[in-house]
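Trainee: Below is a structure I'd like to ask you about.
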């Protein structure tokens, strides 16, 4: 039997006829849900009714109604995307995800970094920030019906509200929600303290109102005489904030002076300071309680004048003076930015995100377009600019790890513990085996598979292979190699050197010349440095020269001085530069310039250790550079031996295509034991490029050997 939806329809008056028709269709779907007297959770209609007080748009109301958890049990389920559009369907999915999230634990209360990471994760994984607003309304309604639940569940929900959701409401600037969430959660957690403060406020309410009214009448009269237009009203104090101040100052409620508070809204900046002067001339002030947040705004952009006066009866009254624009910023929109980076600097990008969020939440904003897609663009702007550099990943125990975007399971392992990283041999992501080069996404749950003994692999610090993204993890791997015994490092270095020379088809190596090139006192120290990864395979390849690759066409005439390079500095050719010895860049490498006071512009690889670890003050000396005319390419034959021929040619050609290397000839020979030899002729510019591509091919599954054919 279908329920009567008329009372619900009355909740959503004020919309246009077409909008009302959509709301009625949503209510008709909800009306199909059978009544259950034992259902104590929030209903979508109740949540939507709360949101009507926040002047939200139609899509938010529809999503609130249709995210009712009971809809999951309807058969057949309604097709929300088909009936109400993609935006509403996406919002509903996000709200349902937020309602099912079970990451929080009571232990997080004493772990501020974990609660902060969880707040960031909630916003970063939500496709549309309006879903967060709906979730906050769900939580408020959840608190309203919480008395029907068990004592343990009440305390858990209340503590989660104070740790996660009230701070999100605060940082989004939705202060009415913040105060209600805090006061209701506090009521469940500290019922005796709540009742005591509430009773004190009630007992003294008449006295407080008389005191405030006298202040307002006198100030309004004096401002009118000076021609200053002002809106003055008493500012309510909230029970949870009073309790926090009592604890912080170790005072009883009767000793708190700022239970009396007045806010003055004026037209402009000049009127703010004129009003302040008027207040200070009419009443005795407490100088140490004066704060000028207009001249010195808070880090989140908040602006206002704060002062405390003493009236003739000895009452202390806190007075806030601000313009309407300052008030709107603090109360109506997003009042505080999301401090997602170290230092939490208030910059232009943050301001842009604040504006975007306010437009999303404010239906009456003149910038708000009625065209389909405008809301999505605003929401995407918020997410892409605010969360484009972080991912939030879970351990099997539910601990949140904050990582740089692009991080891998191996980065995750090193973030957990250095030894976990060193002994990592595999990973499961969301219960499935994943490669160590897998790019993690927010919300992934990662389990690291470790060996009892062992250490890192040299391939892990080759940036081209994609095992590690974070500089901290790369440093830990390098430190491990440096700490190995000299004999082991020398043996490892010899093996790496032999492998690289065999791969490139070089039969005779002059170790003494190689040691001299890398500023090593002898060949033993050279091998040790290679074994410790102080010298990597790319630096070796930069030294090795394959004659047919390095031979240059004989120039007709060259009158340019030898000191001129083929480097273009910010688009200008023939600038005097020199190549850095630490990373030995060669044509084809990604490079960057460093302005030295003594040597002019030094050219480094972008992945050079010295560049990656520059301090903030020296990063200003970096300059954009590029190679000049491109080198000619040369045909180089290579041979690949594999266990299995399946997908071999396809996998190899994909690597070569990504490296933009042309294949001029290919021949695949398979054998009865399923092994295969793949002979290719590829167009290579230099030895370093050849080394890189051979190294990448060697990482493919089933590869036995890959080398230049001589």
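Trainee: Return only the number of the condition from (1) over 18 Å from residue 609 (Cβ atoms); (2) surrounded by fewer than 18 Cβ atoms within 10 Å (Cβ to Cβ); (3) more than 28 Å from the chain's Cα centre (by Cα) that residue 482 does not satisfy.
Mentor: Checking residue 482 against (1) over 18 Å from residue 609 (Cβ atoms); (2) surrounded by fewer than 18 Cβ atoms within 10 Å (Cβ to Cβ); (3) more than 28 Å from the chain's Cα centre (by Cα), the one that fails is (1).
Trainee: Condition first: over 20 Å from residue 454 (Cβ atoms), outside any helix (DSSP H, G or I) and touching a helix residue (DSSP H, G or I) at 6+ places or on another chain (Cβ under 9 Å). Now tell me which residues in segment 480-507 satisfy that.
Mentor: Result: 506, 507.
Trainee: Kindly check whether there is at least one residue in segment 133-152 that is touching a strand residue (DSSP E or B) at 6+ places or on another chain (Cβ under 9 Å) and either outside the structural domain of residue 64 (by TED's automatic domain parsing) or without any contact (Cβ under 8 Å) to a residue 12 or more places away in the chain (or both). It would help to see each step written out before you state the result.
Mentor: Residues of segment 133-152 that are touching a strand residue (DSSP E or B) at 6+ places or on another chain (Cβ under 9 Å), as a first pass: none.
Checking segment 133-152: not a single residue is touching a strand residue (DSSP E or B) at 6+ places or on another chain (Cβ under 9 Å) and either outside the structural domain of residue 64 (by TED's automatic domain parsing) or without any contact (Cβ under 8 Å) to a residue 12 or more places away in the chain (or both).
Trainee: Among the residues of segment 233-242, is any out of contact with any helix residue (DSSP H, G or I) (no Cβ under 8 Å at 6 or more places or on another chain), in a helix (DSSP H, G or I), more than 30 Å from residue 282 (Cα to Cα) and in the same structural domain as residue 311 (by TED's automatic domain parsing)?
Mentor: No, segment 233-242 contains no residue that is out of contact with any helix residue (DSSP H, G or I) (no Cβ under 8 Å at 6 or more places or on another chain), in a helix (DSSP H, G or I), more than 30 Å from residue 282 (Cα to Cα) and in the same structural domain as residue 311 (by TED's automatic domain parsing).
Trainee: Same structure again: With within 44 Å of the chain's Cα centre (by Cα) and assigned to a strand (DSSP E or B) as the only criterion, which of 655, 682, 661 stands out?
Mentor: Among 655, 682, 661, only 682 is within 44 Å of the chain's Cα centre (by Cα) and assigned to a strand (DSSP E or B).
Trainee: Out of 673, 688, 669, report the one residue that is outside the structural domain of residue 584 (by TED's automatic domain parsing) and crowded, with 16+ Cβ neighbours inside 10 Å.
Mentor: Numbers: 673 fails: crowded, with 16+ Cβ neighbours inside 10 Å; 669 fails: crowded, with 16+ Cβ neighbours inside 10 Å.
Sole residue among the options that is outside the structural domain of residue 584 (by TED's automatic domain parsing) and crowded, with 16+ Cβ neighbours inside 10 Å: 688.
Trainee: Of the residues 161, 109, 102, 115, which is outside any helix (DSSP H, G or I) and either under 18 Å from the mean Cα position of the chain (by Cα) or assigned by TED's automatic domain parsing to the domain that holds residue 46 (or both)? Give the derivation first.
Mentor: On the way: 161 fails: outside any helix (DSSP H, G or I); 109 fails: outside any helix (DSSP H, G or I); 115 fails: outside any helix (DSSP H, G or I).
Of 161, 109, 102, 115, the one residue that is outside any helix (DSSP H, G or I) and either under 18 Å from the mean Cα position of the chain (by Cα) or assigned by TED's automatic domain parsing to the domain that holds residue 46 (or both) is 102.
Trainee: Hey, another quick one. Within segment 49-85, which residues are free of Cβ contacts under 8 Å to residues at least 60 places away in the same chain, under 30 Å from the mean Cα position of the chain (by Cα) and in a loop (DSSP other than H, G, I, E, B)?
Mentor: 68, the sole residue that qualifies.
Trainee: Moving on. Going through segment 627-652 one residue at a time, which ones are in contact with a strand residue (DSSP E or B) (Cβ under 9 Å, 6 or more places away or on another chain), part of a loop (DSSP other than H, G, I, E, B) and within 30 Å of residue 567 (Cβ to Cβ)?
Mentor: 628, 633
Trainee: Taking only segment 595-622 into account, find how many residues are within 19 Å of residue 469 (Cβ to Cβ) and in a loop (DSSP other than H, G, I, E, B).
Mentor: Counting residues in segment 595-622 that are within 19 Å of residue 469 (Cβ to Cβ) and in a loop (DSSP other than H, G, I, E, B) gives 5.
Trainee: Just to be sure before I move on: is residue 214 in the same structural domain as residue 121 (by TED's automatic domain parsing) and either surrounded by fewer than 22 Cβ atoms within 10 Å (Cβ to Cβ) or in contact (Cβ under 8 Å) with a residue 40 or more places away in the chain (or both) in the structure I sent? Spell out the reasoning first.
Mentor: On the way: in the same structural domain as residue 121 (by TED's automatic domain parsing): no; either surrounded by fewer than 22 Cβ atoms within 10 Å (Cβ to Cβ) or in contact (Cβ under 8 Å) with a residue 40 or more places away in the chain (or both): yes.
No: the conditions fail for residue 214.
Trainee: Filter segment 8-35 for residues that are loosely packed, with under 10 Cβ neighbours inside 10 Å and either within 24 Å of residue 140 (Cα to Cα) or not assigned by TED's automatic domain parsing to the domain that holds residue 77 (or both); which is modelled with the highest pLDDT? Steps first, please.
Mentor: If we filter segment 8-35 for residues that are loosely packed, with under 10 Cβ neighbours inside 10 Å, which is where we start, we get 10, 13-14, 16-18, 35.
The next check asks that each one be either within 24 Å of residue 140 (Cα to Cα) or not assigned by TED's automatic domain parsing to the domain that holds residue 77 (or both); those that pass are 10, 13-14, 35.
Values: 10: 64, 13: 71, 14: 73, 35: 83.
The qualifying residue modelled with the highest pLDDT is 35.
Yes/no matrix, rows are residues, columns are (1) out of contact with any helix residue (DSSP H, G or I) (no Cβ under 9 Å at 6 or more places or on another chain); (2) under 28 Å from residue 38 (Cβ atoms):
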site: 90; (1), (2): no, no
site: 98; (1), (2): no, yes
site: 117; (1), (2): yes, no
site: 130; (1), (2): no, no
site: 133; (1), (2): no, no
site: 142; (1), (2): no, yes
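The values are calculated or read from the model by the stated rules, or taken from the named source; none is laboratory data. Note that this is a predicted model, so its numbers are computed, not measured. Cβ sites come from the backbone with ideal geometry, for glycine too, and all protein chains shown count toward neighbours.
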